[in-house]
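Following: one structure in structure tokens, then a few remarks.
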Amino acid sequence: MKTKDKKKFGFWKKFFIVFFILIFGIGASGTAYFYSKTSKMKKTEISKKPSELGISNKTQDDLSKYSDTVNIALFGVDRRLKTDVSRSDSIMILTMDPAHKKLKLSSIMRDTYVNVDGHGMTKITHAYAYGGPQLAIKTINENFKLNIKDYVTVDFYALEKIIDKLNGVEINVQSDEVGYLNGYIDEVSKYEKVTPNHVTSSGKQLLDGRQAVAYSRIRYTAGGDFVRTERQRTVLMAVFNKLQAQGKSNMVSMFDEILPYTETNMGSIDIAKYGTKFISSDISNIDQERFPLDGYCSGVTVDNVWYLKTDLNVTSDQMRKYIFEDVKPSPKASLVNIPEK
């Protein structure tokens, strides 16, 4: 696996950065406009009890001195239907760190081999499918000794609606991608009982929302999942470039489009409180890290299934130091070759 440039923000990372900068900025105003907008988000209650979220007494004691630090779990799910049970395609922790004036995004690799309560050792991505956001948060907290209580989930339908509102994005479709792209279009169109709008040729062309999302889901051409993430970045960069050309007011309009496809346990008051903290903290930097680090993990096959194995104690320590103390971890000089799956 090629070492990825950590300065490049990936598909879901960019999505969530824009989302939270908008929601925190508007939330800080505390206006009726803000409350009317956030009421469009799907609200799902989860337990706030530490024991039911995998937060041990020791973890609470260890992290009590960082009470100003806010952590929110972010899940990007690749649902075929709005009602589908889905694994979390992307798992991140958004950290608002007033002490170091930073927003941080910590990605957890979806194939990481962890214990999921009631299901044993498996990929961390499965936790969301087994028990929704509550089990997914509990899994993160138990395995990495964190104290997360809030979450936001966004699916690809949000992106589809945004692209349609922008009247499409230009993407250079390769000949070996056309068949897979149309297959994903057929899949969603069948469920929604609408006529599929196929891509009929390769080359640079304007894709509508459904076509662009289908393009971003392709993973079976050469390069597999690694190239799929490149496609996702391509789509999102095309969206950002088009948004930038249309100005700030259109960003707020996009925010309005995203909210109905967003799920959270946070109420408007919670979001407004975080927004006020964000503005008052004068946060000016955005940083990111991916866990487990290169050199601290390796691919293993268990019962014919590929997993990414790491020493959870070591990774937990690195993650906590990064999130709470702003200590940037370093990969080992000798990288482990992990094939993309």
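Structure shown: which of Lys65/Lys101; Lys40/Lys328; Lys102/Lys204; Lys42/Lys204; Lys138/Lys242 lie over 27 Å apart, alpha-carbon to alpha-carbon? Mind dumping the intermediate values first?
On the way: Lys65/Lys101 17 Å; Lys40/Lys328 37 Å; Lys102/Lys204 38 Å; Lys42/Lys204 36 Å; Lys138/Lys242 38 Å.
Beyond 27 Å between Cα atoms: Lys40/Lys328; Lys102/Lys204; Lys42/Lys204; Lys138/Lys242.
Determine the sum of side-chain charges near Asn285: Lys and Arg each +1, Asp and Glu each -1, restricted to other residues whose C-beta is under 12 angstrom from that of Asn285. Show your work: numbers first, answer last.
Details: positive: Lys101, Lys102, Lys104; negative: Asp97, Asp282, Asp287, Asp326.
Summing Lys and Arg as +1 and Asp and Glu as -1 gives -1.
Across 10 Å bins from 0, what is the distribution of all Cα-Cα pair distances for region 70-190, in whole percents?
Per 10 Å bin, starting at zero, the Cα-Cα P(r) for region 70-190 comes out as 12, 35, 30, 19, 5, 0 percent.
Using the count of nearby Cβ atoms within 10 Å as a rough guide to exposure, how do Val194, Val77, Val70 rank from fewest to most? Walk me through the intermediate numbers first.
Working: Val194 10, Val77 23, Val70 20.
Neighbour counts put them in this order, fewest first: Val194, Val70, Val77.
Sorting Glu170, Glu45, Glu160 on the 10 Å Cβ count, fewest up front, what's the list?
On the way: Glu170 12, Glu45 8, Glu160 20.
Least to most surrounded, the residues fall as Glu45, Glu170, Glu160.
Can you tell me which aspartates and glutamates have their Cα less than 16 Å from the Cα of Lys37? Leave out same-chain residues fewer than eight positions away.
Qualifying aspartates and glutamates at Cα under 16 Å: Asp256, Glu257, Glu263, Asp270.
How big is the gap, in Å, between the Cα center of region 250-322 and the Cα center of region 151-182?
With region 250-322 and region 151-182 each reduced to a Cα centre, they are spaced 22 Å.
If packing is taken as the mean number of other Cβ atoms within 10 Å per residue, what is the order of 127-140, 101-114, highest first?
127-140, 101-114
All of the numbers you see were taken from the coordinates with simple rules; none came from a lab. Remember, predicted model here, so these are calculated numbers, not experimental data. Note that each Cβ is placed from the backbone with ideal geometry, even for glycine, and that neighbours are counted across all protein chains shown.
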